[in-house]
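**Q** Structure in structure tokens, see below.
Read-outs: derived from the displayed coordinates by stated rules, not from any lab. This is a predicted model, so every value here is computed, not measured. Ideal geometry is used to build each Cβ from the backbone, glycine not excepted, and the neighbour counts take in all protein chains shown.
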Amino acid sequence: MRAAVLHGKEDVRIEDVPLRALESGEVRVRVEAALTCGTDLKVFKRGYHAKMIVPPAVFGHEFAGVIEEVAPGGEDWRVGDRVVAANSAPCGDCFFCRAAQENLCEDLLFLNGAYAESVVVPARIARRNLLRLRSQTSFSDAALVEPLACVVQGVEDTGLKPGQRLLVIGAGPIGLMFVALARSLGCDVTVIGRGEHRLAIAAQLGANRVESSETDSVLPKGDRGFDAVIEAVGKPEVWELAVRLVRKGGVVNFFGGCPAGTAITIDTTLLHYSNLTLRASFHHTPRTIRRSLQFIEDGVIRSQDFVSGTCSLDQLPALFRRMADGNRAVKTLINVHR
């Protein structure tokens, strides 16, 4: 089959990869929709991800499709089932899994290979995080399940409630998903970010206010601050900004992952006397994967609001080079069979 293979830093190649025989409990899925992702861009620029992918390896992790082969031991599945898979599954046995914190599992099993004609779903993921789709659910919508599940985790960790004033810093795919979910909960949402197109999408998704990254106008003089702030950029200086923009007694969620080895400085007086709650959300759990799919199948999240264009598999390496150079497309649908 043809697949995108990551070989190292900014080195992705489209190659013919042999189909391997399935092992017990595995299923092979014909990929019908694959989406680009900010995490994949980070991996492309860095050349690896210590937990997720070590080159050379097939690349990409947001996809949905149709089962075309089932190994013995995978009796819950049938050829022809329409499915979406998470990009990981927890072990279910470690300390964190037993504490219902599966996103922190000590043995998360990751899955890559979405940018390909087909992908083999390991037995553990097939058992824990492979979901059937309704007949009317589009594959491109379903392919949003994994990133949306991370946002669901963030919404729950932050404790968002109807009527709260929420600030989302960052108008990338993750920030925009926070907008859509927060508005569905009845929050008053302000977004600050870069890119006219992305800010326009935030407004279409229901943001009450959108601002450019110049933050002077975000908090009018005398304003008490936001009830909650989501940092969806992943820069230390923006983490520090988020703490300054939340109200007394408010919650900050440092959702965007910063580069390894970076640090921030927090005013301890502000933190203590303002009684702030600082959270950080990572990854997803089997429960938030399922809740994510429910949001999609209920129409709260639609791919048409996030997918800015399409691209063939052959064009994928060039697309990632443009993304690395600052292309601000939200997400791109990869046509892996063209």
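**Q** If one takes the longest principal axis of the Cα atoms in the chain, at what angle in degrees, from 0 to 90 and to the nearest 10, does the Cα axis of helix 286-297 lie?
**A** 90 degrees
**Q** For the chain, what's the relative contact order in percent, using C-alpha pairs closer than 8 Å and at least 6 residues apart?
**A** Once divided by the residue count of the chain, the mean separation gives 18 percent.
**Q** Sticking with this one: For the Cα atoms of the chain, what angle does the longest principal axis make with the long axis of helix 145-158, in degrees from 0 to 90, nearest 10?
**A** Taking the Cα atoms of the chain, the angle to 145-158 is about 30 degrees.
**Q** Averaged across orientations, what area in nm² does the convex hull of the alpha carbons in segment 149-279 project? Mind showing how you got there, number by number?
**A** Working: hull surface 30.5 nm².
Quarter of the Cα hull surface area: 7.6 nm².
**Q** Taking Cα atoms, how many degrees apart are the long axis of helix 236-245 and the longest axis of the chain, rounded to 10 and kept between 0 and 90?
**A** Compared with the principal axis, the helix lies near 50 degrees.
**Q** Let me ask another. Pairs on different chains or at least eight residues apart, Cα atoms closer than 20 Å: how many lysine pairs in the chain fit?
**A** Qualifying lysine pairs in the chain: 10.
**Q** With charges only on Cβ, +1 for K and R and -1 for D and E, what is the dipole size of segment 149-279 about its Cα centre, in debye, rounded to 20?
**A** Working: 13 positive and 13 negative charges, 50 e Å.
The calculated dipole for segment 149-279 is roughly 240 debye.
**Q** What area, in nm² and to one decimal, does the C-alpha convex hull of segment 129-191 cast on average over all directions? Walk me through the numbers on the way to the answer.
**A** Values: hull surface 19.6 nm².
Projected area, direction-averaged: 4.9 nm².
**Q** Sorted by mean Cβ packing within 10 Å, highest first, what order do the peptides 125-133, 46-54, 93-101 take? Each step should come with its number before you reach the end.
**A** Details: 125-133: 20.8, 46-54: 14.6, 93-101: 12.9.
By packing density, highest mean first, the sequence is 125-133, 46-54, 93-101.
**Q** Here's another thing I want to ask about it. Please give the Cα centre distance for segment 1-65 versus segment 91-109, rounded to the nearest Å.
**A** 24 Å
**Q** Here is a follow-up. For residue 194, enumerate residues with amide H under 5 Å from its amide H, sequence gap 5+ or separate chain, H modeled in the peptide plane.
**A** Amide H neighbours of residue 194: 171.
**Q** Using +1 at the C-beta of Lys and Arg and -1 at the C-beta of Asp and Glu, which of 239, 166, 187 has the Cα lying farthest in the positive direction of the dipole of segment 149-279?
**A** The one lying farthest along the dipole's positive direction is 187.
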